[in-house]
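Rule-based calculations on the coordinates, nothing more; no lab input. Everything numeric in this text was worked out from a predicted model, so none of it was measured. Ideal geometry is used to build each Cβ from the backbone, glycine not excepted, and the neighbour counts take in all protein chains shown.
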Amino acid sequence: MSILSLSATQLAEKIKTGEIKVVDATRAVLDQIDKEDSNYHCFVTVDRENALLKAEIIQKKIDSGELTGPLAGVPMAIKDNMCTEGLLTTCSSKILGNFIPTYSSEAVINLEAAGAVLIGKTNMDEFAMGSTTETSAFGVTKNPWNPECVPGGSSGGSAAAVAGQECYFALGSDTGGSIRQPASFCGVVGMKPTYGTVSRYGLIAYGSSLDQIGPIAKNVTDCAVILETISSHDIKDSTSVKRADTDFSKALVQDVTGMKIGIPKDYFLEGLNHEVRDSVLAAAKLLKEKGAIVEEFDLSLVEYAIPAYYTIASAEASSNLERFDGIKYGYRTKEFEGLHSMYKRTRSEGFGAEVKRRIMLGSFVLSSGYYDAYYLKALRTKALIKKVFDEAFEKYDLILGPVAPTTAPKLGESLKDPIKMYLGDIYTIAVNLAGLPAISVPCGIDSQGLPIGLQLIGNCFEEKKIIQAAYTYEQLRGPFDKKTEGGAL
Amino acid sequence: MAKVYETVIGLEVHVELATKTKIFCGCTTEFGGLPNTHTCPVCTGMPGSLPVLNKQVVEYAMAVGLATDCSITQYCKFDRKNYFYPDNPQNYQISQLYLPICRDGGVEIETSRGKKTVRIHEIHMEEDAGKLIHDEWENCSLVDYNRSGVPLIEIVSEPDMRSAEEVIAYLEKLRLIIQYLGASDCKLQEGSMRADVNLSVNEVGATEFGTRTEMKNLNSFKAISRAIEAERIRQIELIEEGKSVTQETRRWDDNKEYSYAMRSKEDAQDYRYFPEPDLVPIAISDEWIASVKNNQPELRTAKQKRYLEEYDIPEYDIDIITGSKHLSDIFEQTVAICKQPKKVSNWLMVETMRLLKEHEMEPEDIRFSPENLAKLIKLTEEKVINSTVAKEVFERVFKDNTDPEKYVDEKGLKTVTDDGALRKTIEEIMEKNPQSVEDFHNGKEKAIGFLVGQTMKAMQGKVDPGTINSMLRELLG
């Protein structure tokens, strides 16, 4: 078994026993990056020398018994919208092309304290706006299962890096599906926790009321362990929640007996690819056979989630991105006459088309005269969607459905029709609007050899139920990687 | 017949709160400091930084609201006000639009025309911006974010004032309340209190208000009075000429005593307000309100009543002393040391007021300590120095907070009690001024004043003038 095919927690075990050195694991992924990243372009920045340096330091701490956790010595990648002290953090945008933060995001600090080794920053859709990682200012990322396909987005670099064995795990951020959808497209596990579970401090905001950081990993066990490490009550983030139940690895139990799982009929209507549908329903059947109570129900309001989401997220983004103005940091236009010309040129040159589209949309829905008709209505829709889920969770422990209507599309197809791309978020977006936790677990391969993802959604603060069901399913399903499934590598 | 006009004024008053740290981060609010040294990722708008509300800001805002009869919004929120300007690092200001912390209050003012209530529409919390410095030499602008994120409250009145006198009375009242609460020092010159004046005129008896303008950059009560008068006249002239008043923001230039238009309503920005998603709503419990109420310091009216009962000093003095929180603090602390309320009041009412006026200072600018004033009073009480010397010493105390005991010692200003020395000096003065002695003997009473003055001069003022007088008369026979 190659060192690269180990999961994060398996690697940590072998490091702990002394079988593998931290520096060897680090070198292995750096070599894999050297070998493969020119093809897939998962990374914006690779921090080779520091990674090797840190590997040595962490090895010493492991040897001395100072570091004993389940991620000690494991090389990781971080999505490039999370600040990393002293290391370029671009959001895959020209406007932050030269930005080196003086502080790290809380999630990264927590992982580094646990002994994980940061090897680099992953590519993404510019400012996390997109579903394909094609809006990056620094080039597209390709899907390791098929380099003609997108890896999904916006955390496409993170998902592809895990799938392509260029790191052992990665962090992504999920505003409308940006962890779960690329995880699904790349055949890896991605989890979005309950809003407020992971501190947003240091995460460069897209839609503040929806953004959550979460893990992308090779299996459910790794996901649970990573989430346990990055969850913390952070006084620097006012929306951070104090939770006593973040010992998520305790939920890695193979048992779904009596668990009530609801399948929303609304998620299986027109627009869902039949191979995806069959694969997801087969997964449901497997859980039912193991003792889960699975039934269909009407979730309703699903069609309103997309307009509500794009209204709220764009509104917040239009304001969040105002600080990128060429005054304090980042890109500034070369030639200008006066302040307003500087602002206009800097932002016109610094932002890409999709970001501009959302800034304009967001500015419009907040304008006086339109605020009530669009923004307030979207907030009311958000509240209704939350209510619909509350009612569903009175009956069910979990909701089961697809992650995306199709498997990974071909490169260049999605941006031609942004509305169609937005519609691709239909199964993931409502989860963010309601602040719920959800996971994406691989559940099959389509006829083109591309992975399919299963989504399990839980009530707020019930990640453990999700982890338990996902872990059980994963055990029943058996190994899932490109080699065993006859994939590209 | 000439038309009679009425002036209608409403105020927006910004007050910088006296918290130790900024509203959304832990940076100090202290004045001074090299540019951008009182800053962090939050108050410089760095990517990924998040605001965390300073609880003290909420308590000060509540205290001001309760003291001005407002109702407290128990579920209140912050909103973002979006506009691009380099002094505003995020290009949005965190403020309150939809659910401000205080609403529907008012304060009673008293002017030459009697008492009336000025209603307060709302009080909201917000953050201050940084400061732009234009470098003419380098042809560039620099920005200092030390003030960025300093907490402010904005007190918005209803259009209830009709004259500059009422405006000043209202501002004085607000200033006193806030100073007494300790929520701010409210210095107009230093910008810790700033007032924007909304003003319109209409014919007396008209059913609607006229079109209003908003006046900015008013840095003193005098500037406010002058600006109100100038704007009133400008608007009446426009109307008399058959022109109309434009709704606009104007900037007052106090040196030229003239205002000019900054922007009209048409250029008004759309601030695209929306709820701040990085901050959770504030839930204010009845218990919290009660505890802020209970911890409220003694306000002016209560203090006036207590002074009248506790100290035997005139009501007029009480009015002046309680007219400044700082002055009343000095009074009470000095009295606590020397137990002489009347003497303390005299020093504050006469010499202190004279020096303040002379130096164009406000009572808030007083720097001498109650200990030193008490020492000075003790020195005069024990006749260690006479009243003339005391005044001279007080000037030093006022200026540098000098220790009067040491100063009197070092300068040898103690009253000379040695009769022999005085007798000798007087004899010398008489000898040098035979004409005056003769004049006195010829019945010119005035001559004795000259001789007393000469003796005083020779003795460097260290003698009681009464003593000189009686000894002179004795020697002159």
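Shape summary of the stretch B:208-280, radius of gyration then Dmax from alpha carbon positions: 15.8, 53 Å.
May I ask you to give the average projected area over all directions of the convex hull of the Cα atoms of the stretch A:152-307, in nm² rounded to one decimal? Quarter of the Cα hull surface area: 10.6 nm². Per-residue ellipticity at 222 nm computed for chain B from its helices equals -12000 deg cm²/dmol, with DSSP H segments shorter than 4 residues left out and the rest contributing -39,500 (n - 2.57).
Per-residue packing, averaged as other Cβ atoms within 10 Å, sorts the ranges B:36-44, A:12-20 into the order B:36-44, A:12-20, beginning with the highest. Net length available on complete extension from residue A:368 to residue A:340 is 7.9 nm, with 0.36 nm assigned per residue and the Cα-Cα distance removed. Using a simple spin-label model with pseudo-atoms 7 Å out from Cα toward Cβ, residue B:333 and residue B:285 lie 3.6 nm apart. Stretched out straight at 0.36 nm per residue, the stretch from residue B:257 to residue B:2 would grow longer than its current Cα-Cα span by 89.2 nm. Between residue B:237 and residue B:71, the modelled labels are 4.5 nm apart [label points 7 Å from Cα along Cα→Cβ]. On a per residue basis, the convex hull of the C-alpha atoms belonging to the stretch B:277-391 measures out at 159 Å³.
Peptide A:326-333 has a mean shielding of 3, counted as Cβ atoms of other protein chains within 10 Å of each residue's Cβ. For residue A:260, project a label point 7 Å along Cα to C-beta. Then give me every residue of the stretch A:377-414 with its amide nitrogen under 19 Å of that point. Under 19 Å, as judged by backbone N against the label point of residue A:260, lie A:386-401 of the stretch A:377-414. Taking Cβ atoms as reference points and 12 Å as the exclusive limit, the residues near residue A:223 contribute a net charge of -1, counting Lys and Arg as +1 and Asp and Glu as -1.
Within the stretch B:202-326, the proportion of Cα pairs with more than 25 Å between them is 61 percent. Cysteine residues of chain B whose C-beta has no other cysteine C-beta under 4.7 angstrom: B:25, B:27, B:40, B:43, B:76, B:140, B:186, B:338. Using the Cβ of residue B:326 as centre and a radius below 15 Å, the other residues enclosed give a net charge of -3, where K and R count +1 and D and E count -1.
Over all pairs of different C-alpha atoms in the stretch A:1-146, the reciprocal of the mean inverse distance, the Kirkwood hydrodynamic radius, equals 15.8 Å.
Here the residues A:329, B:75, A:473, ranked from fewest to most Cβ neighbours within 10 Å of their Cβ, fall in the order B:75, A:329, A:473. Partners of residue A:416 within straight-line reach, counting lysines whose Cα lies under 17 Å from its Cα and excluding those fewer than 8 residues away in the same chain: A:356.
For chain A, the relative contact order comes to 17 percent (Cα pairs under 8 Å, sequence separation of at least 6). Taking the convex hull of the alpha carbon positions in the stretch B:24-177 and averaging its projected area over all directions gives 11.5 nm². When B:222, B:378 are arranged by Cβ crowding within 10 Å, least crowded first, meaning fewest neighbours, the order is B:222, B:378.
Just list whichever of B:115/B:173; A:192/A:465; B:22/B:293; A:94/B:81 have alpha carbons separated by over 21 Å in the model shown.
Details: B:115/B:173 12 Å; A:192/A:465 14 Å; B:22/B:293 24 Å; A:94/B:81 26 Å.
The pairs that break the limit, which is 21 Å between Cα atoms, are B:22/B:293; A:94/B:81.
Ordering of A:86-98, A:146-158, B:391-403 by packing is A:146-158, A:86-98, B:391-403, highest average first (other Cβ atoms within 10 Å, averaged per residue). Fewest-first ordering of B:228, B:155, B:448 by other beta carbons within 10 Å of each residue's beta carbon gives B:448, B:228, B:155. May I ask for the percentage of alpha-carbon pairs in the protein assembly as shown that lie more than 49 Å from each other? Considering the protein assembly as shown, 41 percent of its Cα-Cα pairs are separated by more than 49 Å. For chain A, the convex hull drawn through the C-alpha positions has a volume of 136 cubic angstrom per residue. In this structure, the amide hydrogen of residue B:182, modeled 1.01 Å from its nitrogen in the peptide plane, lies closer than 5 angstrom to no residue at least 5 positions away or on a different chain.
Using alpha carbons only, the radius of gyration of the stretch B:419-476 set against its Kirkwood radius gives Rg/Rh = 0.92. For the stretch B:5-287, relative contact order (Cα pairs under 8 Å, six or more residues apart, normalised by length) works out to 24 percent.
Once the Cα-Cα distance is subtracted from the 0.36 nm per residue extended length, the residue B:302 to residue B:428 segment shows a gain of 39.5 nm.
Each peptide among A:462-468, A:222-228, A:390-396 gets the average number of other Cβ atoms lying within 10 Å of its residues, and from highest to lowest they stand as A:222-228, A:462-468, A:390-396. The value of relative contact order for the stretch B:419-476, using C-alpha pairs under 8 Å at least six residues apart, is 36 percent. Straight Cα distances below 19 angstrom link residue B:20 to the lysines A:236, B:55, B:187, with same-chain residues fewer than 8 positions distant left out. The C-alpha radius of gyration of chain B, expressed as a fraction of 2.2 N^0.38 Å, stands at 1.28. Averaged over the residues of B:268-279, the number of partner chain Cβ atoms lying within 10 Å of the residue Cβ comes to 6.
Take each residue of peptide A:315-323, count the partner chain Cβ atoms within 10 Å of its Cβ, and average: the result is 6.
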